[in-house]
Amino acid sequence: MVEYQKFQVERWRELGNCKHDRIEIVGILKGITSSLHFAECQTRQASCTPKP
């Protein structure tokens with residue numbers, strides 16, 4: 001299963017009091033994520049099952 005997602009890229013800075021401040025939004029990236037893929041069995045044994 002493949003999903004198309006948008007990721008927001010941001011610039012942050014660390015302040016002196018251990019807090020963070022967002023400086024700006026740099027841009028938006030479009031990406032593809034996928035779920036687990038299963039390998040095909042490479043043996044003749046009947047007990048072979050695909051492994052993630």
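The values are calculated or read from the model by the stated rules, or taken from the named source; none is laboratory data. All of these numbers come straight from a predicted model, not from anything done at the bench. In this analysis, Cβ positions are derived from the backbone assuming ideal geometry, glycine residues included, and neighbour counts consider all displayed protein chains. For accessibility, only protein heavy atoms count, side chains too; no ligands or nucleic acids. Shrake-Rupley method; radii C 1.70, N 1.55, O 1.52, S 1.80 Å.
Limited to the stretch 2-23, what total is found for residues that are of a type in the set (Lys, Arg) and under 30 Å from Ser34 (Cβ atoms)?
3
For the stretch 1-24, what are the residues that are open to solvent by less than 100 Å² (accessible area, probe 1.4 Å) and either in contact with a Gly (Cβ under 6 Å, 6 or more places away or on another chain) or not small (Gly, Ala, Ser) (or both)?
Of everything in the stretch 1-24, those that are open to solvent by less than 100 Å² (accessible area, probe 1.4 Å) and either in contact with a Gly (Cβ under 6 Å, 6 or more places away or on another chain) or not small (Gly, Ala, Ser) (or both) turn out to be Val2, Glu3, Gln5, Phe7, Gln8, Val9, Glu10, Leu15, Asn17, Asp21, Ile23, Glu24.
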